[in-house]
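Peer 1: The structure's right below; bear with me while I get my questions together.
The values are calculated or read from the model by the stated rules, or taken from the named source; none is laboratory data. A quick note: this is a predicted structure, and the numbers were derived from the prediction, not measured. Every residue, glycine as well, gets a Cβ built from its backbone with ideal geometry; the counts of neighbours run over all protein chains shown. Heads up: the accessible areas ignore ligands, DNA and RNA and are worked out on the full protein's heavy atoms, side chains in. Shrake-Rupley method; radii C 1.70, N 1.55, O 1.52, S 1.80 Å.
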Amino acid sequence: MQLLRKLGFPVSLIYALVVYLRNYFYDIGLFTSKSFKTKTICMGNLSVGGTGKTPMIEFLVSHVKKNSKIAVLSRGYGRKSKGYVLAKPGIGVEELGDEPYQIYKKFPNAFVAVDADRQHGISKLEETIRPDVILLDDAFQHRKVRCDQYVLLTSYDNLYVDDWYLPTGYLRDSKREARRANIIVVTKCPSNLSVAEQQRIQKKLNPGPSQKVIFSFLEYENTLKGNLEEIDLAELKNKKVTLVTGIANPQQLVSFLKAQGIVFEHLAYSDHHFFTEKEIALFNNREIVLTTEKDYVRLEGRGEKFYYIGVMHKFMNGGEEVLLNLLDESPTAP
């Protein structure tokens, strides 16, 4: 894989040029962005996958004021439907995509919609729902919409400043576009990240005067949830465990489980993978199958031995207050 990435370097230069020109045309007004009357908060990254956008969206949704109407708009990557779809009772994961479906199941009072055309999706939400705030999931690079606030996520183990363009690296947008972020969140940090290391990273990111940098780490739940029951994570030490993942970067979960002394085989699939009947039959022959919450929504009801481990962001130095202020404060340009 590393060899293929090196061989793809000439392609990455062409990709970088296309990205530069596209952003330049937006900057000079040749391409136009549209603003909306509803407050919009964009959650995204400059790289492909694996920075923890969905748990971050869930964090904001879980803290919205009781009488406020919040909507989440996503592309719905991997779904089998087309156009604008608003989640409603009876809808399936194949119509919404795994991440929007996960959010809808967990927060039924939130309005969850998918549309690859973000302008159209926001217009439909304003027309039919009239929410107080719209969270745009994975939309940092979608400049057709001018959002009120931008949250940029970057992983501790692969900061965007150290990355390069696809296919040699993982960047899908220019590092320079980080200047549009109001808040930069360094995710998946070690839980004991020192203040000195935080300062070193902040200096490396070199934020603008009005940009804020906060740090978060992932905390896994000790109770595993399944179709029929809940079990403690510690019970897995005495079982033959199969870990099934279809996410961009499962390494942190793998490391966590090993640190808990759990022995398991790992069946890794591509991000957003829809499992086939043959694969389900394989899983059902295992003693116990552990997966992520995102994967579980594509496995639920297809076996009795499936459990998922929940995960959430925890913040350092009061970072959660910085993020939650986005729900209340007036828009400010970075």
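Peer 1: How many residues does segment 258-288 contain that are in a helix (DSSP H, G or I) and not basic (Lys, Arg)? Before the answer, list the steps.
Peer 2: Residues of segment 258-288 in a helix (DSSP H, G or I): 258-259, 277-284.
Going one step further and asking which of them are not basic (Lys, Arg), we end up with 259, 277, 279-284.
So the count comes out to 8.
Peer 1: Further question on the same structure: Could you grab me the full set of residues in segment 82-130 that are of a type outside the set (D, E, K, R), touching a residue at least 12 places away in the same chain (Cβ under 8 Å), part of a loop (DSSP other than H, G, I, E, B) and within 19 Å of THR54 (Cβ to Cβ)?
Peer 2: ALA87, ILE91, GLY97, PHE107, ALA110, ALA116 - these are the residues of segment 82-130 that are of a type outside the set (D, E, K, R), touching a residue at least 12 places away in the same chain (Cβ under 8 Å), part of a loop (DSSP other than H, G, I, E, B) and within 19 Å of THR54 (Cβ to Cβ).
Peer 1: Let me ask another. Looking at (1) surrounded by 14 or more Cβ atoms within 10 Å (Cβ to Cβ); (2) among the polar types (S, T, N, Q); (3) not in a loop (DSSP other than H, G, I, E, B), which one does SER255 not meet, given that it meets all the others?
Peer 2: (1)
Peer 1: While we're looking at this one, here's another question. For the subset of segment 8-36 comprising residues that are of a type outside the set (Gly, Ala, Ser), loosely packed, with under 15 Cβ neighbours inside 10 Å and touching a helix residue (DSSP H, G or I) at 6+ places or on another chain (Cβ under 7 Å), which member is farthest from TYR165 (Cα to Cα)?
Peer 2: The qualifying residue farthest from TYR165 (Cα to Cα) is LYS34.
Peer 1: Could you go through segment 57-68 and let me know if any residue there is open to solvent by 10 Å² or more (accessible area, probe 1.4 Å), β-branched (Val, Ile, Thr), farther than 27 Å from TYR24 by Cα and at pLDDT below 95.
Peer 2: Checking segment 57-68: at least one residue is open to solvent by 10 Å² or more (accessible area, probe 1.4 Å), β-branched (Val, Ile, Thr), farther than 27 Å from TYR24 by Cα and at pLDDT below 95.
Peer 1: Exactly one condition in (1) of a type outside the set (A, V, I, L, M); (2) modelled with pLDDT of 95 or more; (3) open to solvent by less than 80 Å² (accessible area, probe 1.4 Å); (4) more than 15 Å from the chain's Cα centre (by Cα) is false for ARG5; which is it?
Peer 2: (2)
One line per residue, one yes/no per condition, for (1) of a type in the set (S, T, N, Q); (2) open to solvent by less than 40 Å² (accessible area, probe 1.4 Å):
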{"position": "ALA113", "(1), (2)": "no, yes"}
{"position": "HIS120", "(1), (2)": "no, no"}
{"position": "LEU136", "(1), (2)": "no, yes"}
{"position": "GLN149", "(1), (2)": "yes, yes"}
{"position": "SER155", "(1), (2)": "yes, yes"}
{"position": "ARG180", "(1), (2)": "no, yes"}
{"position": "ILE183", "(1), (2)": "no, yes"}
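Peer 1: Here's something else I'd like to know. Collect the residues in segment 303-318 that are open to solvent by less than 70 Å² (accessible area, probe 1.4 Å) and not in a strand (DSSP E or B), keeping them in residue-number order.
Peer 2: Residues satisfying the conditions are GLY303, GLY310, MET316, GLY318.
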